[in-house]
Amino acid sequence: MSIKYRLRKVWDVIKYELPNFLKNIWRFRKGLWNFRWYDPHGLYVMNNIALTTMANNVDLYGLEVDSSRLKKVASMRKAAQLYQNFVESNFIDQAEAELGELIMNPFEWEPSPEHDDYMQMVDKDTPEEKAHNAAIFNRAREIEEEQWAELYTILKGQDYKTFSNEINFDDQFDGSGLRGWWD
């Protein structure tokens, strides 16, 4: 390798790669700050940021024709929103929107029959209230599972082998598939 080539590579790193690296550190700072090896929360944050950034830029600057590009952008935004739901862990809120709010009665205390100096919490919820709250928690878990499956269906994308040559590509393509989200 010539010295001119090596100097050009160093210049490219200084001019392009280093600023991009520093910009990415700033862009992903929340995900980096929250990343822990034992918890996926930081990954959810970084994936949400990455997909939102990608969708915004493909939407504004993408060179692909609108018919497929806009479908990809919509899929990216949907995946980002699903990641945001996992970041916020808002599945109980979603279940409450469907079924009504959780019934939260105030704590009540009474003397413990086993220990004179202790108090014990008394559950005053009615069977109907318990059933309502259980339905909300069960629905929240279902919503979480549904959104997890939807997220990975979007990221996996369609099986192009099932596309028909007889039908226009744009009529079959839904914009999903992380491997095809590039410009």
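Read-outs: derived from the displayed coordinates by stated rules, not from any lab. Treat the numbers as computed from the prediction; the structure is a model and nothing was measured. Cβ sites come from the backbone with ideal geometry, for glycine too, and all protein chains shown count toward neighbours.
For the chain, the number of Lys pairs separated by eight or more positions or lying on different chains, with C-alpha atoms closer than 25 Å, is 12.
Taking the number of Cβ atoms within 10 Å of each Cβ as an exposure proxy, the fewest-first ranking of F107, F169 is F107, F169. Name the shape class, rounded, prolate or oblate, that the alpha-carbon gyration tensor gives for the stretch 35-180, where a ≥ b ≥ c are the square roots of its eigenvalues, rounded holds for a/c under 1.5, and otherwise prolate holds if a/b is larger than b/c and oblate otherwise. Cα axes put the stretch 35-180 in the prolate bin. Restriction of the GluC sites (Glu not before Pro) in the stretch 117-163 to DSSP coil positions whose beta-carbon has at most 15 other beta-carbons within 10 angstrom yields no sites. Mean residue ellipticity at 222 nm, helices only, the chain: -20000 deg cm²/dmol; runs of at least 4 DSSP H residues each add -39,500 (n - 2.57), and the sum is divided by the number of residues. Remark: relative contact order (the chain) = 21 percent; criterion is Cα-Cα distance under 8 angstrom and separation of 6 or more residues.
Just report the Cα centroid separation between the stretch 1-56 and the stretch 75-117, whole Å. For the stretch 1-56 versus the stretch 75-117, the Cα centre distance is 35 Å. Within the stretch 1-74, the percentage of alpha carbon pairs spaced more than 20 angstrom apart rounds to 55%.
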